[in-house]
1. Report, ordered by the first and then the second residue, all pairs with beta carbons closer than 8 Å, sequence separation of six or more or different chains, a first member in the stretch 217-242 that is within 16 Å of residue 132 (Cα to Cα), and a second member that is surrounded by fewer than 17 Cβ atoms within 10 Å (Cβ to Cβ) and polar (S, T, N, Q).
2. Please state which of the following conditions residue 89 fails to meet, knowing it meets all the rest: (1) surrounded by fewer than 19 Cβ atoms within 10 Å (Cβ to Cβ); (2) touching a residue at least 24 places away in the same chain (Cβ under 8 Å); (3) in contact with a helix residue (DSSP H, G or I) (Cβ under 9 Å, 6 or more places away or on another chain); (4) not small (Gly, Ala, Ser).
3. Within the stretch 131-151, which residues are of a type outside the set (Gly, Ala, Ser) and touching a strand residue (DSSP E or B) at 6+ places or on another chain (Cβ under 8 Å)?
4. Mind listing just one residue for me: the one in the stretch 96-144 that is over 30 Å from residue 230 (Cα atoms) and free of Cβ contacts under 8 Å to residues at least 40 places away in the same chain and, of those, surrounded by the most Cβ atoms within 10 Å (Cβ to Cβ)?
5. Show the residue pairs meeting these rules: Cβ distance below 8 Å; 6+ apart or different chains; first residue within the stretch 268-284 and farther than 13 Å from residue 53 by Cβ; second residue of a type in the set (Asp, Glu) and assigned to a loop (DSSP other than H, G, I, E, B).
6. Quick check: anything in the stretch 246-253 surrounded by fewer than 16 Cβ atoms within 10 Å (Cβ to Cβ), touching a Gly at 6+ places or on another chain (Cβ under 8 Å) and over 11 Å from residue 208 (Cβ atoms)?
7. Count, please, the residues in the stretch 218-243 that happen to be buried (at least 16 other Cβ atoms within 10 Å of the Cβ) and within 21 Å of residue 160 (Cα to Cα).
Amino acid sequence: MSAPPALPPQHTWRPLLELALAEDLGPGDLTTPLVVEADRTGRAVIESRQSLVVCGLDIAAAVFHAIDPDLGFEARSRDGARARAGQPLAVVTGRMRAILAGERTALNFLARLCGVSTWTRRFVELVEGTGARIVDTRKTLPGWRALDKYATAVGGAVNHRTGLYDGILLKDTHIALAGGVEFAVKTALATAPPGLRIQVEVETEDQAVAAVEAGADFLLLDNREPEELGRIARRVAGRALLEASGGVVLENLRAVAETGVQRIAVGALTHSAPGADVALEIWGGEAAPGGAAA
């Protein structure tokens, strides 16, 4: 198993973590102090309740440490690994009031991130052997961009541009406002910042050919059926990197991948990923659920 991608810089997700804790804790947990002594310590295990691709363990650890820096957090897996139902993902030790205060927020982050990575891995596995790569999009939860894209990368996808500021994509709206694909491409090539590749969205075979003849070497083929994707791939073979997008689902993914495109953009990786089922249980015995040794 290859190493997972690097966790995004803390400044890209720490405010989100703090917001999540603030909305859950507010002025404080009203329930736990009623029945749990302030000095009570113990252990809890975070476990998967389904087969999943692990993602977000460092974020879960950061949640618990934000509440109590003295809490221990021992990962029992790593991001990018597969976990079976009932498998321990991490063990948290220390003051039980702090563990319970962070439980829901930590699980929410893990459910989202494991869900995206697991869902992405399904797409990635379906195109194996075709030469096509799965690519994510900007269709992420507001505020979650860095973590959503981290999770797709953990699942095996290629990250597209993070935002409007770090990549150039001439979409249909830009082309319409510019007065046509040829003028848009030539103008962008002449005026774009050096070092940035220009991708051009096209909606027909004729537009694809016109964009390439105008100098484009990176096309986004939007909402094209596999038959048309294949024709375009053959017609511009070797002259442009081709990325298919729009209407790509698990059922037609393999057919799209076999057309000759090099990349397939899938917004569903982040806008439609189901959350993973993870849970925290108080660990009272000598072995964690799933059989892990103490």
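Bear in mind that the values in this text are calculations on the coordinates, not laboratory data. Predicted model, so just to flag it, every value in this text is computed and none were measured. Heads up, the Cβs are rebuilt from the backbone with ideal geometry, glycines too, and the neighbour counts pull from every protein chain shown.
1. 226/252
2. Failing condition for residue 89: (1).
3. 133, 134, 135, 136, 137
4. Of the stretch 96-144, the ones over 30 Å from residue 230 (Cα atoms) are 96-115, 141-144.
Of the ones still in play, those that are also free of Cβ contacts under 8 Å to residues at least 40 places away in the same chain are 98, 142.
Numbers: 98: 21, 142: 6.
That would be 98.
5. Here the result reads 270/136, each pair linking the stretch 268-284 to a residue that is of a type in the set (Asp, Glu) and assigned to a loop (DSSP other than H, G, I, E, B).
6. So far as the stretch 246-253 goes, no, none of its residues is surrounded by fewer than 16 Cβ atoms within 10 Å (Cβ to Cβ), touching a Gly at 6+ places or on another chain (Cβ under 8 Å) and over 11 Å from residue 208 (Cβ atoms).
7. 11
Table: residues versus (1) buried (at least 21 other Cβ atoms within 10 Å of the Cβ); (2) in contact with a Cys (Cβ under 6 Å, 6 or more places away or on another chain); (3) touching a residue at least 12 places away in the same chain (Cβ under 8 Å); (4) closer than 22 Å to residue 5 by Cα.
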residue: 23; (1), (2), (3), (4): no, no, no, no
residue: 29; (1), (2), (3), (4): no, no, yes, no
residue: 47; (1), (2), (3), (4): yes, no, yes, no
residue: 65; (1), (2), (3), (4): no, no, no, no
residue: 74; (1), (2), (3), (4): no, no, yes, yes
